[in-house]
Amino acid sequence: MSELTPLLAGNNNNNNGNDAENELAEPVPEESPTWRHGVFNFLEAKTTAGRWYERFMIVLILANVAGFVLASLFVTDYNDEVWAQRHTGICDDWCDAIWFGNYADNPLGVLGIGSTSILELTTITVFSVEYLFRLYLADLENPEKYSGFTGRLKWIPTFFSMIDLISTVPFLIDAFFLREQDLVATSFVRMFRLFRMMRVEGRYGSALTMMDDVFAAQASIFGTALFVGFTTWMTISSLYYVVERTNLDMIYCGAAPDYCPEDVDTSLCNIDSWGTTDCTKAGCPPTEEYPQPCYNLYNSIPMASYYALLNLFGEFPLIDQHSAYGQVVGTLTAVVAVAVFALPAGIIGNGLEDAIASKRRNTETGPIQEHGTLTRGFEASTDSSRGRWYNFIHANTSGEAQAFDLFINSLIVLTAFTFMLDTLSDLPSHVHIVLDAFELISVSIFTVEYVIRVYSIKEDPKYNKPGGRFQYMTSFLSVVDFLSVAPYWIEVITTGRVITPYSDASSTASNAVKALRLLRILRFERYTHAFTSFDDVIMRNSDILSVTLFSALLVWVLFAAVLYITERDNPDSEMAENYKTVPHSMWLTLLNLSGEAPLAQYSTIGKVVTGILGLFATAIFGIPIGVLGAGFEEVLEEENEDNVQELEGNATDANNGPAASEPVQLGNSFERSMYQFVNGIGSKVAQYFELSIYGLIFLTIAVGCYQTLDGHENDLHQVEWVAVVIFTIEYLMRFIGTAADPQFSNGNNAIRCRLRFVVSFYSIIDLLAIVPFYVAWALPNTIVNDYDEYLRMLRILRLAKLDKYVPSLTLIDDVIRLKYQSL
């Protein structure tokens, strides 16, 4: 049988050089399908049976992962809960034999292959048989590359082949070659079976492909960023080592042996110049077995590097133990180094977002078509009462209907507030009676409204058919309406309580019913379409989200499993307690992936793992959130067509108008001179005055911070006096010059423009910064003195005046106005 495909065979004929003969030549017959092709198509899910097998494999893989996670709950060496005990808990020996395989002496112990379970044996059998078939059929996957014995050897190191081997070989080694050994990998490799999801669900394979593309595209800049980040990391680590290696507060005794006191007084310890700790005087002397039972967390640069890494991630778990110089280094880290160190993670995140955006452009399906609950623009006939009710309750065609709709919305907001108040148990009894009565009236109104909505919906052409009412009742907003009233009436019927003089916050059922009242807030979806837009985002980005969410899930579960293995035997009891099961580990790992680091005393391997997790995994884990955010904004922009010219107003028309060519003189000469002087216009003196005002702002803020120190509350008060007088003069000059300020005087008389100035943002800032000083001076020994420290802190608001040179607040205002509809 020829190894050439028909295309290659045709090319071979072309080499004979005779086109006419080629046209008359008989075509080379294709290779007829054999049982090998049938099995290959089955494994590739190209047949009906193959697709069912694919679903079975997905269930089997997920069952294995769930089995590993849940099995950790029933390892009594680490979990001492009553329900987790082997013989008295909820999972007996047969439960362990079927699902978990934690113990070698369970009913499957007769097999003599160590601890195992029926789930594990089934999985190994299925995976092994499939692997052997795939190895045998590798030439059908790529005839040119994997044919023959040598080709199959080339297939073995491929990605999916290695995943299959990692998922099975450790078990086989443990069961048949190292029976006396308990390989941790035997149970841990179940987590790697998640990677097999990429084989059975093809689109998940693009997750790793996308990551590979990102690293390839960003290789040069990523290398530079890594070098900068590494240099920053080592610099901060060295600085911490220098300033903290002799700090007694950094001595750690959490993993000290039993002969040491439970609470070692570290103030009695000694630290030499190299950071070596001796706590003999504190009752924890070194021994041959434990040469340093207590140690300084910064006694070497490698030790300091882990905590410096946490700081560079933005976490400071040891902040209350740092020395003064350590706090200086920490401040430098927080202000400068974090931004530099974030470059590698930012490059990964931006690269993934670019790849996702590119994929979205290549698979764009056009704008989203929204389908509302009701027929848009429909108005029912008023010949029947049902039609009139439809127009009143659904279409809102009259002023009375719109007023009723506003009344219902107001009632929703009020019931939300009463729900919060009713959870307070210390309210007077008459208040609870009023709240319960208000709730009864509100629910009665909501119930009547719901009944009318369901009754009149048959007028809508969309529901004017058999089963139309049921279709409407199962729509999102209708379900919200139902759930906001039905539980209340069920509770009234079952308990007989309607109005009570007390809060029944201790009742779980009652609290659940009350919490369901908050669902009424979702009724505002009729106006905001927020959840409709969110649904649009998910539908449009479903493929991308499936890839990124799977990647995030993979990272989460794998790192949680690794940290469970490395930290469950941590000598620090707090660390071991928080990683005693995989579910416990998943919670802490989730916090780590979200950028939090509540714990820091990891084992050496655990520190390496959490370092990798913070460097790379956090960027990957945050991509689904980024996709949702970008998609949400994209959909809202389509719906609301942001108009950038909103910020420019009619400036273009004004510049092109007849008045643009002739500048208008505003105010009289004195007002113009005041305006120009305080704004640094027209002379060097004016510029120096303006700069001195900003310098005085920084000086007064520094003095205000200094006065917060204990015993220095009244120091340098002369500076404050001088500053307030100067600020007052400046404010009066601005007030006088307002008539010449185009922002306030254009089209307004002298009184109106000054009123506009007084209520403007920067005028209020000035007043808040100087008026409290005069109030405290004019009213000594009064209530003002009780709040003097708060009034003084209003000086900080003067920083907002620097917006003229660094337009931060103006920029934020522009962004809010530009994105008002989306927000």
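The values are calculated or read from the model by the stated rules, or taken from the named source; none is laboratory data. Values in this document were obtained by computation on a predicted structure and should not be read as measured data. We place every Cβ from the backbone using ideal geometry, glycine too, and count neighbours over all the protein chains shown. Ligands, DNA and RNA are excluded from the accessible area calculation, which covers all protein heavy atoms including side chains. Shrake-Rupley method; radii C 1.70, N 1.55, O 1.52, S 1.80 Å.
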Matching residues in the range 576-606 (among the hydroxyl-bearing types (Ser, Thr, Tyr) and either out of contact with any helix residue (DSSP H, G or I) (no Cβ under 8 Å at 6 or more places or on another chain) or open to solvent by 10 Å² or more (accessible area, probe 1.4 Å) (or both)) number 4
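Among the candidates 294, 279, which residue alone is farther than 29 Å from residue 593 by Cα and touching a residue at least 40 places away in the same chain (Cβ under 8 Å)?
The match here is 294.
Would you check if residue 417 is open to solvent by less than 60 Å² (accessible area, probe 1.4 Å), closer than 21 Å to residue 444 by Cβ and not polar (S, T, N, Q)?
On the way: open to solvent by less than 60 Å² (accessible area, probe 1.4 Å): no; closer than 21 Å to residue 444 by Cβ: yes; not polar (S, T, N, Q): yes.
No, not satisfied.
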Could you check the range 368-414 and list, in sequence order, the residues that are surrounded by 13 or more Cβ atoms within 10 Å (Cβ to Cβ), of a type in the set (Phe, Trp, Tyr) and in a helix (DSSP H, G or I)?
389, 390, 392, 404
Within the range 420-436, take every residue that is open to solvent by 30 Å² or more (accessible area, probe 1.4 Å) and part of a helix (DSSP H, G or I) and give me the one that is nearest to residue 473 (Cα to Cα).
420
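Every residue, every condition in (1) part of a helix (DSSP H, G or I); (2) over 20 Å from residue 601 (Cα atoms); (3) in contact with a helix residue (DSSP H, G or I) (Cβ under 6 Å, 6 or more places away or on another chain), yes or no:
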residue: 259; (1), (2), (3): no, yes, no
residue: 262; (1), (2), (3): no, no, no
residue: 273; (1), (2), (3): no, yes, no
residue: 286; (1), (2), (3): no, yes, no
residue: 291; (1), (2), (3): no, no, no
residue: 299; (1), (2), (3): no, no, no
residue: 303; (1), (2), (3): yes, no, no
residue: 311; (1), (2), (3): yes, no, yes
Looking at (1) touching a residue at least 60 places away in the same chain (Cβ under 8 Å); (2) open to solvent by 80 Å² or more (accessible area, probe 1.4 Å), which one does residue 115 not meet, given that it meets all the others?
(2)
Just to be sure I understand, how many residues within the range 268-308 are aliphatic (A, V, I, L, M) and open to solvent by less than 10 Å² (accessible area, probe 1.4 Å)?
3
Counting only residues that are open to solvent by less than 40 Å² (accessible area, probe 1.4 Å) and either without any contact (Cβ under 8 Å) to a residue 24 or more places away in the chain or outside any helix (DSSP H, G or I) (or both), the range 118-147 contains a total of 4
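For every residue, the table says whether it meets (1) outside any helix (DSSP H, G or I); (2) within 23 Å of residue 690 (Cβ to Cβ); (3) modelled with pLDDT of 85 or more; (4) of a type in the set (A, V, I, L, M, F, W, C).
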residue: 715; (1), (2), (3), (4): yes, no, no, no
residue: 718; (1), (2), (3), (4): no, no, no, no
residue: 727; (1), (2), (3), (4): no, yes, yes, yes
residue: 731; (1), (2), (3), (4): no, yes, yes, no
residue: 735; (1), (2), (3), (4): no, yes, yes, yes
residue: 739; (1), (2), (3), (4): no, yes, no, yes
residue: 744; (1), (2), (3), (4): no, yes, no, yes
residue: 747; (1), (2), (3), (4): yes, no, no, no
residue: 751; (1), (2), (3), (4): no, no, no, yes
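Confirm whether residue 517 is part of a helix (DSSP H, G or I), closer than 16 Å to residue 439 by Cα and either modelled with pLDDT under 70 or charged (D, E, K, R) (or both).
Against the criterion (part of a helix (DSSP H, G or I), closer than 16 Å to residue 439 by Cα and either modelled with pLDDT under 70 or charged (D, E, K, R) (or both)), residue 517 qualifies.
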Does residue 254 meet the test of being touching a residue at least 60 places away in the same chain (Cβ under 8 Å), in a loop (DSSP other than H, G, I, E, B) and under 28 Å from residue 615 (Cα atoms)?
yes
Scan of the range 87-112 for residues that are part of a loop (DSSP other than H, G, I, E, B) and open to solvent by less than 40 Å² (accessible area, probe 1.4 Å), ordered by number
89, 91, 101, 106, 112
Close pairs (7 angstrom Cβ cut-off, 6 or more residues apart or separate chains): of a type in the set (A, V, I, L, M, F, W, C) and open to solvent by 50 Å² or more (accessible area, probe 1.4 Å) in the range 47-61, part of a helix (DSSP H, G or I) and at pLDDT 90 or above anywhere:
49/42
